[in-house]
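One structure is given below, encoded as C-alpha cells.
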Amino acid sequence: MYRDGIQPLGDIFESYLIPLETRENITICSCKYLQNGLCTNPEKPEICSIFPYSPLAFLPEECGFKGDIFLKREHLMQRVRKLKEEMLDYQTRLTLTHDKSEQRQLNRLIQSHQAFIDKYKVYGSNDW
Ligand code: SF4
C-alpha cells in the first residue's frame, strides 16, 4: 500500500503491485506474489522484510502492523515533544547568559533540535 505522491516506490517493487481500491488519493494494493497469505517471491526485496520502516507509514485499518506502527509513532511524537521542552530551556538560558561561547552552543543545540522537528513538519510535528 502507498499514499500517492508521498511514498514513491522503486520500479521493481511497483511492478509487483496490484491496485485494489482508491480512497480519496490513497491507493490500496496487493502484491502479485501474495498467495494464501504467504509470499511466493523467491527474490523478495529487502523493503518487504523491513516494512513498515517508518512510524509514519500509511496503513489501512485492517493491517496487522497497525498496533506496532501506532507505538512507534507515539515514541516519535514523544521525542519531538521532549526536544521542544529542551529548546524552551535553551532559549531561557540564552536570555540569562552573556557568555558568547555558551550562547553559540545553545544556538547550535536549538538549531539541531529544530532541524529534527522540521523533518516531520509535513506530518504535523509543529503541533505535536
Ligand atoms: S513479502 Fe512477498 S508477497 Fe509481500 S509484498 Fe513482498 S514480495 Fe509481495
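The values are calculated or read from the model by the stated rules, or taken from the named source; none is laboratory data. Predicted, not measured: the structure shown is a model, and the values here were computed from it. Ideal geometry is used to build each Cβ from the backbone, glycine not excepted, and the neighbour counts take in all protein chains shown.
Set side by side, the residues Tyr16, Tyr33 differ, and just one is in contact (Cβ under 8 Å) with a residue 24 or more places away in the chain and within 16 Å of the ligand (Cβ to nearest atom), which is Tyr16. I'd like the full set of residues that are within 8 Å of the ligand (Cβ to nearest atom) and closer than 29 Å to Met77 by Cα, limited to segment 36-47. Scanning segment 36-47 gives a single hit, Ile47. Of note, Thr27 satisfies the criterion of being over 30 Å from Glu102 (Cα atoms) and more than 9 Å from the ligand (Cβ to nearest atom). Selection of segment 51-107 for residues being assigned to a helix (DSSP H, G or I), closer than 30 Å to Leu20 by Cα and among the aliphatic types (A, V, I, L, M) yields Ile69, Leu71.
From the list Leu88, Leu96, Leu83, which one is modelled with pLDDT of 80 or more, surrounded by 13 or more Cβ atoms within 10 Å (Cβ to Cβ) and within 28 Å of Asp118 (Cα to Cα)? Among Leu88, Leu96, Leu83, only Leu83 is modelled with pLDDT of 80 or more, surrounded by 13 or more Cβ atoms within 10 Å (Cβ to Cβ) and within 28 Å of Asp118 (Cα to Cα).
When Glu102, Glu86, Glu43, Glu74 are checked against the criterion of being among the acidic types (Asp, Glu) and closer than 24 Å to Gly10 by Cα, a single residue qualifies: Glu43. The listed residues are Ile110, Ile50, Ile69, and the only one of them that is away from the ligand (no atom under 16 Å from the Cβ) and modelled with pLDDT under 90 turns out to be Ile69.
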